[in-house]
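Here's the structure, in structure tokens; my notes come after.
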Ligand code: ADP
Ligand code: MG
């Protein structure tokens, strides 16, 4: 089943043409890694899917419905960025529950529901012991978990991860691979993960998409792309050491 479909997507920044006519289909509950050269539009694409950036043309469908006109808060998405953008004046629990307290959700979540969600997401990310720490008291890896927890608190069906582990050291980055896959399975999300690390993309994804010059250079199961690159660009990009 298809979860997300982009049809004829167009996006420019002034004279800079990022996407001319991009089509992309993402299967329900798949783990998709998005790779491509720096500046090719990976973050822009994520922001367009999230509803944080408007496309100039084309359609964005979630479950067959056009969500192009909906803002981020009205799309069923959670997003975690490489800079965690946590609120330093709130403790961990405050950061986790923040998305549930937005004025638009007033009355939607009871106190008990909010407490239950904070507990379950903290358990999932193994940060239950940190709930009353301030952000400044956390390590980079812990902050990254809080940021992920915050993006999951509304239980979104679509999880967008833009270089979520870039700022972590190599050992933690490696450990987070299986963590992210576990979270994806437990939450049953459709996950799109941007990474500049080809090894990470090959190891983690069900479906790999290589972007280049505003289009898709090649996509498919990671091992197929690795063993059967259709262009010398693909071969070079995936063959490069990370
Ligand atoms: P990537 O994430 O693949 O590195 P981005 O999506 O961040 O690439 O950016 C794609 C291109 O668009 C880059 O050249 C970037 O400088 C440009 N760009 C991104 N956001 C804006 C913006 N808000 N205004 C103008 N140019 C932008
Ligand atoms: Mg980027």
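No value in this document is a laboratory result; all are computed from the given coordinates. Small disclaimer: the values here were computed from a predicted structure and weren't measured. Note that we place each Cβ from the backbone using ideal geometry, even for glycine, and neighbour counts take in every protein chain shown.
Tell me the angle of helix 140-152 to the major Cα principal axis of the chain, expressed in degrees between 0 and 90 and rounded to the nearest ten. Long axis of 140-152 versus the principal axis of the chain: about 90 degrees. Panel order for 104, 177, by other beta carbons found within 10 Å of each beta carbon, from fewest to most: 104, 177. Taking 193, 207, 89 as the candidate residues, the one with maximal mean-square fluctuation in a Gaussian network model of the chain, Cα springs under 10 Å, is 89.
Stretching residue 223 away from residue 28 to a fully extended chain increases their span by 68.2 nm, per 0.36 nm per residue minus the current alpha-carbon distance.
Look at 118, 165 and count the other Cβ atoms within 10 Å of each Cβ; fewest to most, that gives 118, 165. Using Cα springs under 10 Å in a Gaussian network model of the chain, which residue among 45, 208, 70 shows the largest mean-square fluctuation? In the Gaussian network model the winner is 70. Annotation for residue 171 and residue 128: the two label points, set 7 Å from Cα along the Cα-Cβ direction, are 2.6 nm apart.
Segment residue 110..residue 5, full-extension length gain: 34.4 nm, with 0.36 nm per residue of separation and the alpha-carbon distance subtracted. The overall shape of segment 6-84, judged from the alpha-carbon gyration tensor, is rounded, with an a/c ratio under 1.5. Taking Cα atoms only, the orientation of helix 170-187 departs from the longest principal axis of the chain by about 80 degrees. For segment 150-219, treating each Cα as an identical point scatterer without solvent, what Debye log10 I(q)/I(0) comes out at q = 0.15, 0.27, 0.28 1/Å? So the normalised log intensities are -0.53, -1.36, -1.40.
Considering only Cα atoms, the convex hull volume of the chain works out to 133 Å³ per residue. Note on segment 1-57 and segment 67-123: Cα centroid distance 24 Å, given to the nearest whole angstrom.
Against the chain, whose longest principal axis comes from its Cα atoms, helix 111-124 is set at around 60 degrees.
Exposure proxy shown here: for 13, 19, 98, the number of other Cβ atoms within 10 Å sets the order, fewest to most, as 13, 98, 19. Sketch the reach of a paramagnetic label on residue 91 as a point 7 Å from Cα along Cα-to-Cβ, and name the residues of segment 118-159 whose backbone nitrogen lies under 15 Å away. The answer is 118-119, 122, 127-138. Helix-only arithmetic for the chain: the sum of -39500 (n - 2.57) across DSSP H runs with n ≥ 4, divided by the residue total, places the mean residue ellipticity at 222 nm at -10000 deg cm²/dmol. Considering only the Cα atoms of segment 45-185, their convex hull presents on average a projected area of 9.3 nm². When the Cα convex hull of segment 113-242 is projected onto planes of every orientation, the mean area is 9.0 nm².
Could you pull out which residues in segment 37-54 have an amide N less than 15 Å from a spot 7 Å beyond the Cα of residue 196, following the Cα-Cβ vector? Counting only backbone N, you get 37-44.
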